[in-house]
Structures are given as structure tokens and as C-alpha cells.
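This report refers to the structure that appears directly beneath it.
The values are calculated or read from the model by the stated rules, or taken from the named source; none is laboratory data. Being a predicted model, the structure only gives us computed values, none of them experimental. Virtual Cβ from ideal backbone geometry, glycine too; neighbours counted across all protein chains shown.
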Amino acid sequence: MKKNDDISTTSEHISRQSAELMALRRMLVASEGTFSLSIAICNSPSLRDYLITKLKEESKAIAIVQINRKVKDVLDLVCRNVSEENSTGIFVVGIENVLPSDRKEYKVLQVLNAARELWKSHFSCPVVFWLPEYAATLLSIHARDVWSWLSHSFEFISEQATASTGMMDVYAGDIISAGKLDVDQKRFRIAELEQRIDDTGYPPKQPLVQHVLIWLQELAYIYYTVGEIEKAQENILKSLEIKEKLGLQEGMASSYGNLGLIYQTRGDLDKAEKMISKSLEIDKKLGRLEGMANQYCNLGLIYQTRGDSGKAEEMHKKSLEIAEELGMKDVMASGYGNLGLINQTRGELDKAEEMYKKSMQISEKLGMQEGMACQYGNLGNVYKARGDLDQAEEMHKRALEIEKKLGLLEGMAADYGNLGNVYKARGDLDKAEEMQKKALEIDKKIGRLEGQAFRYGNLGAVYQMRGELDKAEEMHKKSLEISEKLGLQKGMANNYGNLGVVYRDRGDNAKAREYWEKALDLYKKIEMPQMVEKVVGLIDSID
């Protein structure tokens, strides 16, 4: 019973903060053109900055004024920095910078209090002071008249953010539950976990060590899902340092595996394989079947990326065998989906569809929205391969809707890219280009080289269809350069094939043949019979 109560409590804190954000949005809309004064209390600077950036994106005319240590008159600074006619709202950030902790008198707050009535005469839009909790308390004591004028108070703080309350949070480390949080809720959870970890100090002491390790694991996972790879790695390394000092073998295995995923996302497949193999070695030594299932799955993904479908299939089947034996539903869902990808690469579309639907069924049952989005995208690719573009578009849009809600940048990039391929197949080249560029922008942001290779190749195909051969060649060569660097054999084969078409269209059949023969060798090697047949046809067409 206690577990359910704790999970409910933590979920309530996150839901309450989501409701506060919605209330702040409503206030900004309802108060547009009318002066009001509010405070937004937030103890986490990173969460505060995220929320402000998000609200600013929704309403470009919100003005942001940053208070530095030298400011003596807040109103004067705001007046000098804000064009009242063009602002739908004003966010004042950093008042705490002028509130030194060693003083009993706060002149800045006294000046602010004396000027309270002037705010209304200067501005006809909502003004929001963003403050940490202690600064809000000082404002209530030393600027009472201003405090009495507040029309709204929004709180983005959690009672679960301290180490002592965090020890009772059994929701911590529940990756499936964390994965269900939407993008804003993930940010609230990040702030809560970071404050909790800071509260313990470093290095953490008993009995907090095990709790800190769980919090770091969840924090790394959430950062990874929202595309902040550097921060994910930073937290994994913090966790690993503690585990290595204490000789916690099981935990070390988990951290090595997670580091492997980080390196894989960056395209460093050799380093990824090394980390995951290290993890697998420990799990085997400890007889940890659950860990072995996860690492076989991760190794399968590496071999898949390299184009070694035989070895990839072997790893995924090993993972699936253990997962089915232990009833690890989430790993089973991943396994079926990954086998579907191998089937699709081999041109076995019916088998691929069967695997994707098996995976989807489990994800739906577990409420794993991330898994559902992944399989919608995979099914969309199957329908596109069959020529059913309307159904393909519907699947990719469903996937994108979920990925956006959850803030899964890597998935969003894939969805935009897949939609671009659908629009290209319809001949809507402008829309296809727009989608591929959106995808490329995200892949660059998260440092995902494999994704960038895909996008450059897809953009090359768009320019090719337009007859812009120089531009097409440039994109395919960019894609090829990354694919060669990462050892992506399927990508290299696609690039060679596409470059061959560019040279054929220029009338250089000798060069076209050279590239198609390179593509043919790779397609045979990675077992893609449909592409082998297609390239043979291209070579025959110039004989």
C-alpha cells in the first residue's frame, strides 16, 4: 500500500506543477492589455529558464529583463529595457541576485516597494517576477505593499525535492513511469531530482548512497530522452564513480550499458560495443539474466546499425529468449520491434508488420507511449514500402504526436524524416525538403550523426528529383562521409546508389557503373535482396 501512496504523491507533485504552468499560460492570455503583477516561484534555475523559454516561444512579444548584482532600481531597469507598446508580458528574472544573504536591510526591495504604483502607470500588460522560494519570502517581508498587489502566485516547486522526502519516493528509478511523463513533466521531474541530489552533498553518505544512485539513473534516462546527451552522460559518470568506489558490480554493469547507448547515439559504435560488452561480461559473471537480456538487445542494435543483420538477429533472439523466460514485457516489446526492422531490411514486409504489431500490443498494454510511437513509425515505413502513402502518413503523424508530447527529440527527427519520405513519394518536394530540414536540425542539436547521414541522403534524393544535380551530389557526399566514418554499410550502399544515379543523369555512365557496383557489393553483403535486384536493373539499363 505504501508504494502506491508514494507513487501517487510524486505524480501529484508533477501534475500540480503542470497545472500551475497551464494557469500561468491562461493568465498571460486573459491579462493581455491589462496591468497585473504576479510571482512565479521556482528554486531550479534550469527549470525556470526552460519554462521561460517555452512561454517565450508561445508568445514572442513577452519581454525578459535580467537583474544583475549592480541594479538598485528594478522598475528603472525594466523601463529602460522594455518597449511597452510591443510587449504582451514582462518577465523579471534574477531579483535574488541583489539580495545578499548577510544583510538585514534590503534596499532594492524597499525601492521596489516605494515605486509600486508606478508599475501600473508604466505598463498595461502582465508583469511576472520569477523568484526562488527564499527570495519570495524576503519580498513578502520587505516589500509588503508590492506583495499585497500580487494578483497571482505560481509555484514550480516540489516538497519531494529534499533528500529526506526523496528516500520515501519509490517512484524514483521507475523508468517506465518516467517515460510516460510529457515534456513539461519531465522538466519538473529533472528539477526535483537535481535539487534532491544537491541536498545530499557529494560524495553521498549512508544511508543515502543507494537512493542517490537511483536518482542519478532516472535523471540520466530523462535527460537522454529529451535529447540532452551531455547531461545524461554526466549523470551516468557520476553514478559510475560512486559504484566503482563501492565495488557495486551490478550497478557498474548497468552504467557501462548506459554509456554504451550514449556512444551509440553519437555514432561511436566501437566505443559503444566496448561498453556494452563490458556490461554483459559483468552480468554473465553475476548470473544476472535481466541485465544480459538488455545488453544482448543493445549489442543487436549496434550490429544492426553496422548492417550486420545476421549478428544483429542472433543478439536480439538471445535477448528475447531471456526476456520471454523472465516475463520482461518491455524488453520483449523492444525485441519484437528490432526483429521487425531486420525483416524489413530483408524485404520481408509481412513478417516485419507482424513483429511491429506484436511489439505494439505489448507497449499498449503497458502504457509505454514511447514504444507505441516507435512502432507507429515502423508500421508507417512498411506501408510506404507497399505504396500505401495515406496510411503511412497517418502512422508517422501518430508517432510524431506522441514524440512531441513526450519531448523525444530523436524520435521526432525520425518522424519528420519519414514524413519527408512520404511527401517525396507523392511528388510534394517542397514539403519533403521542409520535413528533412526539420529532422536534420534536431539531429544536429542532439549530436546524432547517424540521423544526420539519413537526412543528408534524403535531401539529396529531393534535389535529385528536382534536377538539381550539383546540390544532390553535395548532399549524398555529406551523407557518405558520415556513413563511412560510422561504418554504416546500408547508408554507404544507399549513397553509392544515389551518386550513381546523379552521374548517370549527367551522362557519365562509367562513373555511374562504378558507384552502382560498390552499392551492389554492399547490398549483397548486408542481405538486402530487393535493393540487389534494383541495382542490377540500373546497371543493365546502361549496358
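Any idea how many residues of the range 418-431 are over 23 Å from the mean Cα position of the chain (by Cα) and either buried (at least 21 other Cβ atoms within 10 Å of the Cβ) or under 17 Å from M395 (Cα atoms) (or both)?
Adding up the residues that qualify gives 5.
Could you tell me whether any residue of the range 229-248 is under 20 Å from S158 (Cβ atoms), touching a helix residue (DSSP H, G or I) at 6+ places or on another chain (Cβ under 9 Å) and of a type in the set (D, E, K, R)?
Yes, some residue in the range 229-248 is under 20 Å from S158 (Cβ atoms), touching a helix residue (DSSP H, G or I) at 6+ places or on another chain (Cβ under 9 Å) and of a type in the set (D, E, K, R).
In the range 203-224, which residue that is among the aromatic types (F, W, Y) and within 19 Å of M252 (Cα to Cα) is surrounded by the fewest Cβ atoms within 10 Å (Cβ to Cβ)?
The residue in question is Y221.
Looking at the range 447-477, which of its residues are assigned to a helix (DSSP H, G or I) and farther than 18 Å from A413 by Cα?
Correct list: Y463, Q464, M465, R466, L469, D470, K471, A472, E473, E474, H476, K477.
What is the residue count in the range 26-43 for residues that are assigned to a loop (DSSP other than H, G, I, E, B) and either of a type in the set (D, E, K, R) or within 30 Å of the chain's Cα centre (by Cα) (or both)?
Qualifying residue count, the range 26-43: 3.
Out of curiosity, is D283 surrounded by 17 or more Cβ atoms within 10 Å (Cβ to Cβ) and more than 18 Å from E410 (Cβ to Cβ)?
Considered against the rule, which asks whether it is surrounded by 17 or more Cβ atoms within 10 Å (Cβ to Cβ) and more than 18 Å from E410 (Cβ to Cβ), D283 comes out as yes.
Could you grab me the full set of residues in the range 54-82 that are more than 19 Å from L37 (Cβ to Cβ) and part of a loop (DSSP other than H, G, I, E, B)?
K60, N68, R69, K70, K72
Hey, among the residues in the range 97-145 that are part of a helix (DSSP H, G or I) and in contact with a strand residue (DSSP E or B) (Cβ under 7 Å, 6 or more places away or on another chain), which one's nearest to A30 (Cα to Cα)?
W119
Would you mind finding the one in K524, K511 that is of a type outside the set (V, I, T), in a helix (DSSP H, G or I), closer than 19 Å to I342 by Cα and free of Cβ contacts under 8 Å to residues at least 60 places away in the same chain?
Going through K524, K511 in turn, the sole match is K524.
Within the range 1-53, can you find the residues that are modelled with pLDDT under 85, touching a Ser or Thr at 6+ places or on another chain (Cβ under 8 Å) and either buried (at least 18 other Cβ atoms within 10 Å of the Cβ) or under 30 Å from D145 (Cα atoms) (or both)?
Listed by number, the residues that qualify are H13, I14.
Quick check on the range 345-361: of everything there that is part of a helix (DSSP H, G or I) and small (G, A, S), which residue is nearest to Y303 (Cα to Cα)?
Among those residues, the one meeting the criterion is A352.
Among the residues of the range 62-73, is there at least one that is closer than 16 Å to V146 by Cα and at pLDDT 90 or above?
yes
Does D184 count as over 24 Å from L408 (Cβ atoms), among the charged types (D, E, K, R) and part of a helix (DSSP H, G or I)?
Here the answer is no, as D184 does not meet what is asked.
Condition (residue is crowded, with 20+ Cβ neighbours inside 10 Å, of a type in the set (S, T, Y) and under 22 Å from the mean Cα position of the chain (by Cα)) applied to the range 321-338: is it met by at least one residue?
Yes, some residue in the range 321-338 is crowded, with 20+ Cβ neighbours inside 10 Å, of a type in the set (S, T, Y) and under 22 Å from the mean Cα position of the chain (by Cα).
Given the condition farther than 30 Å from K404 by Cα and small (G, A, S), answer yes or no: does some residue in the range 34-41 qualify?
Checked against the condition, which is being farther than 30 Å from K404 by Cα and small (G, A, S), the range 34-41 yields at least one hit.
Can you pull out every residue in the range 527-543 that is within 35 Å of the chain's Cα centre (by Cα), in a helix (DSSP H, G or I) and not hydrophobic (A, V, I, L, M, F, W, C)?
Residues satisfying the conditions are P529, Q530.
Does any residue of the range 202-209 turn out to be out of contact with any Cys (no Cβ under 6 Å at 6 or more places or on another chain), closer than 25 Å to K445 by Cβ, charged (D, E, K, R) and not in a helix (DSSP H, G or I)?
No, the range 202-209 contains no residue that is out of contact with any Cys (no Cβ under 6 Å at 6 or more places or on another chain), closer than 25 Å to K445 by Cβ, charged (D, E, K, R) and not in a helix (DSSP H, G or I).
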